[in-house]
Amino acid sequence: MTKIGINARVLTKPNPTGVSRYTQKLLEALAEREDDFEYILFGTQSVPEPFKGFQTITNAGVVSPVHSGYRAHIWEQTTLPRAINRYDLDVFHTPAGQPPIAARTSLVTTIHDISPVSHPEWFSRGYAALYRFLTPLAVRVSERLLTVSEFARDEIVECFPHAAGKTLVTYNGVTPPIKPGETIDGLTEDQFVLSVGATNPRKNLKTLIQAYQCYRENVSNPADLVLAGPDRDVFASNDLPDISGVRALGFVSDEKLAWLYRNAAALAYPSLYEGFGLPIIEAMHVETPVITSNQGAMAEVAGNAALLTDPNDPDRIAECIERAINDESVSQKLARQGSSRAAEFTWDRTARETVEAYREVIDNV
């Protein structure tokens, strides 16, 4: 049986992010395939609950002390390669994070984006410096690089031209909708605009709130703006004024997120930069109209199924919010087109293309 090691460090995160979701859903899709592969997880105490029913997923018992931060990167480059070298692995895949450079096996690495390299101003000086050091090494030692959009691939190749021949696009998938949770207190169906994600500068939250203020001032019965993400104290931590109509929920469960996606009047996602932008297709999948940026991976993923706008223009974003909510012909068209667009992205496809990358690496050893 072919043995594939998986860097599962991000699966220990208490509040999952986009790369955590990618890792989990990719593993589930890989395990459901009928390949002669065994997947061995490195970084978790035991096999996480979502994978316990899969006989092809086992656990190495090598535990990451933390799920993120500098200690996690030290673990990836010290403890992890020593553990890997005790196993007879055919391939070791890092779906999120940095590959163990000293591991004596073939490496496959997913690079979701290179924003710390291309836009260091969005990160702390130490974090950006660490990634400017580790990313070129990851590119050099990996037999295959996977990334999640043509935009991300182009940026990787522009920064590292020697990576062109080994960098493949494997788009993210969209998860079938789970049963929505109970109604969230204070929210009414179709009476709120949803924003999903973290609050770092590239998410463009300040501009979105400016746009919401503009929208609110120009309509008689404005919808609320609901922020779902890891930071409940979003106003203080981002030096934002407390705006009427804006509600920050902090991290929400998958069930509550499903309810939010399904019942939002629209998703507003005017990010400045993404490797992919999972909320775009997650909202489209349940026929919720999407407003997103007219550049980069956001425009690539959304295609013609969203209202695309300049992410630096709050007035234009406000106009899009008003159209998506109040123009029924626009909202119905976006719902239809969005549903069709989301159907193009499946985790089965992601898994199939990932397995093809594994096989190419194994065949070339």
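Numerical summary
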item	result
Odd one out for G165, checked against (1) out of contact with any Gly (no Cβ under 7 Å at 6 or more places or on another chain); (2) crowded, with 16+ Cβ neighbours inside 10 Å; (3) of a type in the set (G, A, S)	(2)
Helices (runs of 4 or more DSSP H) wholly inside the range 267-362 containing at least 2 residues that are under 18 Å from H112 (Cα atoms)	278-285, 296-302
Residues being touching a Pro at 6+ places or on another chain (Cβ under 8 Å), surrounded by fewer than 22 Cβ atoms within 10 Å (Cβ to Cβ) and of a type in the set (V, I, T) - total across the range 13-51	2
Residue that is surrounded by the fewest Cβ atoms within 10 Å (Cβ to Cβ), among those in the range 3-12 that are of a type outside the set (D, E, K, R) and not in a helix (DSSP H, G or I)	I4
Considering residues of the range 212-227 that are over 19 Å from D313 (Cα atoms) and in contact with a Gly (Cβ under 9 Å, 6 or more places away or on another chain) only, the residue surrounded by the fewest Cβ atoms within 10 Å (Cβ to Cβ)	D224
Qualifying positions in the range 212-230 - without any contact (Cβ under 8 Å) to a residue 40 or more places away in the chain and under 19 Å from Y261 (Cβ atoms)	D224, V226, L227, A228, G229
Qualifying residue in the range 86-98 (condition: hydrophobic (A, V, I, L, M, F, W, C), without any contact (Cβ under 8 Å) to a residue 60 or more places away in the chain and not in a helix (DSSP H, G or I))	no
Among the residues listed as V355, V330, the single one being over 19 Å from L107 (Cβ atoms), surrounded by fewer than 20 Cβ atoms within 10 Å (Cβ to Cβ) and modelled with pLDDT of 95 or more	V330
Given (1) part of a loop (DSSP other than H, G, I, E, B); (2) surrounded by 17 or more Cβ atoms within 10 Å (Cβ to Cβ), index of the condition A83 fails	(1)
Residue within the range 304-319 that is crowded, with 17+ Cβ neighbours inside 10 Å, under 21 Å from the mean Cα position of the chain (by Cα), within 24 Å of L27 (Cβ to Cβ) and in contact (Cβ under 8 Å) with a residue 60 or more places away in the chain present	no
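The values are calculated or read from the model by the stated rules, or taken from the named source; none is laboratory data. Since the model is a prediction, treat every value here as computed from it, not as a measurement. So basically every Cβ, Gly included, is an ideal-geometry build from the backbone, and we count neighbours across all protein chains shown.
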